[in-house]
Amino acid sequence: MARLVIVSNRVPDVSENSGPRAGGLAVGLADALAPGSLWFGWSGERLAARSDEIHSIVAGGVTYATIDLAEDDYRAYYLGFSNATLWPLFHMMPSLVSFDSAGYDAYRAVNEQFARALLRLIQPDDLIWIHDYQLLGVAATLRRLGVGNRIGFFLHIPFPAPVLFDLLPPAEELLQGLLAHDVVGFQTEPDRGHFLAALRQRGVCVQGNDAWHEGRGLRSIVTPVGVDVDEFNRLAVRAVRRVEARRVVESLAGRALMISADRLDYTKGLPARFDAYGRFLSRFPERRRRISFLQVAAPSREEVDQYKALRDELDYKAGAINGEYSDFDWVPLRYMTRAAGRGLLAGLFRIARIGLVTPLRDGMNLVAMEYIAAQDPLDPGVLILSRFAGAATLLPEALLVNPYDVDQMAEAINTAMLMTLEERQERHEALLGRVRRHDATAYSRSFVAALSQGDG
Ligand code: F6P
């Protein structure tokens, strides 16, 4: 069987003799990562100058190989073009996009640095699977350097409508970069549709889901990322017995817990979510002391201006809600700007009567799936989910909301509070079946199967 080479900007946090710390992409790829596989990416280290040194560590039979980035490249490639240009644009928020050509030059240079390091690591039959928007140009460089291996790419975030994609000054070159792959995977049908439409507009021959360009064939597939349902459920069951979880239950004093857990990112819709909670408290005063909302918000990309502004805005809104509605013995909103461990979070999801997941736009959103996986089927909570998360295409039995519509979200919180046990069970059973069908194993197997088929 061919060796699998995973390429992503970040690699899982591994230490010698232990596997990756579970979570994120590592969960999605666990099934595909057989011993002998290679995972390549950025070490997380920043140096004064570029370096071509490759560090490797073996854990659980998998080799993790990394390179360091130069400080200037980190700023221009990671903070700049990746996260101040591509990230807001691909999430269809053009007013937040900033572009400068130096950022794009660094992006190309880092993608080339990745490709040149990979060239030293790969063997002729390896299957190469590249992940996400930070690395759109790696395959094209590999092709230029003579690499003939099968190369796949999976986009974890949305692919924007062509009218927005065209705003990118290097739109043409980025699409050319994607055409260097044999397989390109998307989270949802609309993402693939946008990509194929952008190709057609540029005169690329597209038939069905395949494209041909300069003698190469490309297959586009839709294969949503998923979670390991049983593993997350086990974590949740174990975590509710932990002292931290018991302290949370005690502190609720019989009130319903509503929970949200996100990276502190403007795509996640936190300001409108806080507004919706405030609206709920003002419109349904009889339910005020019956609920406690816990927002866990892990800081992210803090050096990007829009992320700093978001934090200030949320500090203000959280203070306003608690100032207005707190009582001597009740605080309506618990707002934590630090990451919570995965185990504890699983336990809190199980305890929570409502999971509130309202991104303005999201490629998929695994928190929604984890919330379902964590529930007790006999007494499950209710998932409120943004219709603009990729997960909404898979989870129609959630209470689907428009994350820009504060009143609709406030009503959904009220509906969730009042939902009968029978309805909660019915919805949960259907949702759990769907999360199982689209789990992490299904994701990686279907991508690797497409990548292994040599007919492009
Ligand atoms: O899922 C999107 C994504 O950007 C991943 O590519 C990334 O690893 C994760 O979110 C966290 O973001 P960052 O690596 O910028 O901290």
Task: P(r), alpha carbons of the stretch 229-436 - 10 Å bins starting at zero, rounded % - done: 9, 37, 40, 13, 1
TODO: Calculate, for ASP210 and ALA298, the FRET efficiency according to 1/(1 + (r/R0)^6) with r their C-beta to C-beta distance and R0 41 Å; round to the nearest 0.05.
DONE: 0.55
- [ ] State the antiparallel share, in %, of DSSP beta bridges confined to the stretch 20-148, rounding to the nearest 5.
- [x] 40 percent
Task: Rh (Kirkwood; distinct C-alpha pairs) - the stretch 244-314, Å - done: 13.7 Å
- [ ] State the extension gain, in nm to one decimal, for the chain segment bounded by ASP166 and TRP330, taking 0.36 nm per residue of separation less the distance between their alpha-carbons.
- [x] 54.0 nm
Open item on the list: Among DSSP bridges having both ends in the chain, what percentage is antiparallel? Round to the nearest 5.
Closed with: 20 percent
Task: Kirkwood-Stokes translational diffusion coefficient of the stretch 282-333, alpha-carbon pairs, 25 °C, 0.890 mPa s, µm²/s - done: 193 µm²/s
TODO: Determine by what factor the alpha-carbon radius of gyration of the chain differs from 2.2 N^0.38 Å, reporting the quotient.
DONE: 0.99
Task: Per-bin percent of Cα-Cα distances, the stretch 274-363 [5 Å] - done: 3, 11, 20, 23, 21, 15, 6, 2, 0
- [ ] Choose one of SER260, SER386, ALA410: the residue whose Cα lies farthest towards the positive end of the charge dipole of the stretch 229-436 (beta-carbon charges +1 Lys, Arg; -1 Asp, Glu; about the Cα centre).
- [x] SER260
Task: Listed residues TRP212, ASN233, ALA180: farthest to the positive end of the dipole of the chain (Cβ charges) - done: ASN233
Task: For the stretch 86-141, radius of gyration divided by Kirkwood radius, i.e. Rg to Rh on alpha-carbons - done: 1.08
Task: FRET efficiency for ALA309 and ARG445, using Cβ-Cβ distance with R0 set to 45 Å, rounded to 0.05 - done: 0.65
Task: Dipole of the chain, positive direction: furthest Cα of LEU89, SER101, ALA276, with charges on the beta-carbon - done: ALA276
TODO: Would you please classify the overall shape of the stretch 180-221 from the alpha carbon gyration tensor, given that a ≥ b ≥ c denote the square roots of the eigenvalues, rounded means a/c under 1.5, and beyond that prolate means a/b larger than b/c while oblate covers the rest?
DONE: oblate
Open item on the list: Please report the antiparallel percentage of DSSP beta bridges with both residues in the stretch 229-436, rounded to the nearest 5.
Closed with: 5 percent
Task: Cα pair distances of the stretch 313-456 binned at 10 Å [whole percent] - done: 10, 33, 36, 15, 5, 2, 0
Task: Label-point gap, in nm, between ASP52 and ARG437 - each point 7 angstrom along Cα→Cβ - done: 5.0 nm
Task: Simple Cβ-charge dipole of the stretch 216-302, Lys/Arg +1 and Asp/Glu -1, about Cα centre, in debye nearest 20 - done: 220 debye
Open item on the list: With the crude spin-label approximation of a point 7 Å out along Cα→Cβ, what separation in nm comes out for ASP125 versus SER452?
Closed with: 1.2 nm
Task: Ordering of 245-256, 269-280, 290-301 by packing [mean C-beta count within 10 Å, highest first] - done: 269-280, 290-301, 245-256
- [ ] Quick one: dipole size for the stretch 229-436, taken about the Cα centre, charges +1 on Lys/Arg Cβ and -1 on Asp/Glu Cβ, in debye to the nearest 20.
- [x] 480 debye
Task: Taking only Cα atoms of the stretch 48-139, radius of gyration then Dmax in Å - done: 14.8, 45
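No lab work stands behind these numbers, since they all come straight from the coordinates. Predicted model only: the values in this text are computed from it and were never measured. Positions of Cβ are generated from backbone atoms using ideal geometry, with glycine treated the same way; all protein chains shown enter the neighbour counts.
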